[in-house]
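Remarks on the structure that follows.
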Amino acid sequence: TISSNHWILAWAGLEINTLAVLPLISKSHHPRAVEAATKYFLVQAAASALLLFSSMTNAWHTGQWDITQLTNSTSSLILTSAIAMKLGLAPFHFWFPEVLQGSPLITGLLLSTAMKFPPITLLYMTSSSLNPTLLTIMAILSTALGGWMGLNQTQIRKTLAFSSISHLGWMAIIITYYPKLALLNFYLYTLITTAVFLTLNTTKVLKLSTLMTAWTKTPALTAILMMTLLSLAGLPPLTGFLPKWLIIQELTKQEMAPAATIISLFSLLSLFFYLRLAYCSTITLPPHTTNHMKLWHTN
Amino acid sequence: MALAVMLLNGASFHGGCCRHKVLLSLLGPLLSNSKLYSSYRRPGAEPEKKLSWQNADFSFKKGIDHLKTQLNLLKKEAQEYLQGPGGHPVSQCFLEQTRVLWQFRSQEDLNKWVLSSDVEIGGKSKVYIKLGRNNQAALLYGTLNTDVPRDGETKYSGYCSMRSRPAVGSFNRKKYYDWSNFNSLYLRVRGDGRPWMVNIYTDPYFSHQKDDLYSYFMFTRGGPYWEEIKIPFSKFFLSSRGRVQDNQHPVWLDKASFLTLGFTIGDKVDGPFQLEIDFIGLLNDRAHREEFAYEPYDKNTPV
């Protein structure tokens, strides 16, 4: 999808992506994993169909299938909603936490990072013809919902899903004005999220109460996990602050200061649950307890 | 609305005599008492005297009251959401090691449970529930009768069970339990020596799995002393429609909706049974290290 210029190839790439990841989600054959795979398939297939429909409408009106030449306004609207479904932008985000909760941690990492890359590339390539108002509304809604719904979660995979939705909001708001910034945000988000997921995979932590006792196994790793989570939250002087700062700067330059303020305020909600994760992993020291046999390792 | 009800009632009265009227032919399915596929009635079922839509109460005032109760429930849910996950503060989620789910201290607590027995299929077992002495426990008692109902298709009979009603939120939405902090079920019971089966039904996403039940056994002592029985969730095995499945998996309790817990007795012995239950709770047994008791090895190893 990333290297294609023709809509049909891009759509084919997205479909191959969906089908390839489905066995990874349902690897354990637990009903919950199968449920997650089914939900993922249905949403992604619907989004791919919408994408194909938008490219066909564009080809009907303009006579060409070039991705960068999406000039028909209806097509760009349909494309925006299709990509929003693919990414998990609000209001099409409902599938994302459930799918992440049902899949293993590494597959969750893939879903949050690698599977978002093709849709973001498509947005990047068509950024000049997208509707900024729609994207701004979706972005603010994503940050708000990602923040609010992540607040009461005890399962870490669902929390990370909401953090992903929140970050996608930041990417979506800037994509029409400065697309390279959205890509930068995505790369940094991928890097930091990969670190978080891999740390959680090493310590086999799936819920908050297990996270509290992870420091007994790998004290150094949990200390770094705190820094990584605060970086995801966007606190200076950590790396995660850089894309937020540049996005706010660019939005202010584009006379969108109220939007910048609103999106920053909603990010405070997600800061709360990042802080809670950091608090559980590193800042408090519960008594020595072990909950799961698999968590012991002797290296 | 009242006019429609009167019209239907009038039509059903006239249905017996004037069959050639067009209105009657249109209202045919509403007036006939037969089920859509078959009119076979199981031996234990009562004959239906009222048509199914006549059971609905169309009064306006009742609707408004119902709406008010549901809105109050919604308000309470919103307030609980503000407090933290599951209505409790987050610190409770981190620190809790026990939680009482159901206890039997009043008639209201008894109303949260539903009794059933093989009377549904035409058997003769009896089951009753009442509050025990000093309102400190629930007494589930009755008589098990393994006489098979003579309807030509039933081979076994003789079971009684008690199931909890699933929790519903406002507007009859499913409520999700998060039991992931716990790994055992804790029961304080006083039985009569008969073995019971504890069943957990987690409402699954797919309708194919609606008969899936996670079960385990509870052996009671029968003495005058109370027993505290701990059943780890790793021991529950999966069965569907009563048959133990080959592909076993542990029960996931992080998002169990419409969850019902049930106690069944079906040990093929005729006679009376009694079970007193003080409370049912959850326990995070720190000494229990098992993830899943059945087939923990990898089945699809590469050749």
Residue match in region B:256-275 (condition: within 14 Å of chain A (Cβ to nearest Cβ) and in contact with a helix residue (DSSP H, G or I) (Cβ under 8 Å, 6 or more places away or on another chain)): no
Take the conditions of a type in the set (S, T, N, Q), within 14 Å of chain B (Cβ to nearest Cβ) and open to solvent by less than 40 Å² (accessible area, probe 1.4 Å) and apply them to A:T213. Does it pass? yes
Hey, B:R241 open to solvent by 40 Å² or more (accessible area, probe 1.4 Å) and basic (K, R) or not: yes
If A:N185 passes every condition in (1) farther than 19 Å from A:S264 by Cα; (2) out of contact with any strand residue (DSSP E or B) (no Cβ under 6 Å at 6 or more places or on another chain) but one, which one does it miss? (1)
Run A:I137 past the list (1) open to solvent by 10 Å² or more (accessible area, probe 1.4 Å); (2) within 14 Å of another protein chain (Cβ to nearest Cβ); (3) more than 12 Å from the chain's Cα centre (by Cα) and report the number of the one that doesn't hold. (2)
Looking only at region B:143-163, decide whether some residue is open to solvent by 40 Å² or more (accessible area, probe 1.4 Å), within 14 Å of chain A (Cβ to nearest Cβ), aromatic (F, W, Y) and not in a helix (DSSP H, G or I). no
Identify all residues within region A:198-218 that are under 18 Å from A:A161 (Cα atoms) and basic (K, R); write none if there are none. A:K204, A:K207
Which numbered condition trips up B:F292, out of (1) open to solvent by less than 40 Å² (accessible area, probe 1.4 Å); (2) not in a loop (DSSP other than H, G, I, E, B)? (2)
By residue number, the members of region A:151-168 that are touching a Ser or Thr at 6+ places or on another chain (Cβ under 6 Å) and facing chain B (nearest Cβ under 9 Å) are A:Q153
If A:L87 satisfies every condition in (1) free of Cβ contacts under 8 Å to residues at least 12 places away in the same chain; (2) in contact with a helix residue (DSSP H, G or I) (Cβ under 6 Å, 6 or more places away or on another chain) but one, which is the exception? (1)
The residue that is farthest from the other protein chains (Cβ to nearest Cβ), considering only those in region B:194-210 that are open to solvent by 40 Å² or more (accessible area, probe 1.4 Å) and closer than 25 Å to B:F273 by Cβ, is B:P195
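The values are calculated or read from the model by the stated rules, or taken from the named source; none is laboratory data. Values in this document were obtained by computation on a predicted structure and should not be read as measured data. Glycine gets a Cβ as well: all are built from the backbone with ideal geometry, and neighbour counts include every protein chain shown. These accessible areas exclude ligands, DNA and RNA; they are computed on the full protein's heavy atoms, side chains included. Shrake-Rupley method; radii C 1.70, N 1.55, O 1.52, S 1.80 Å.
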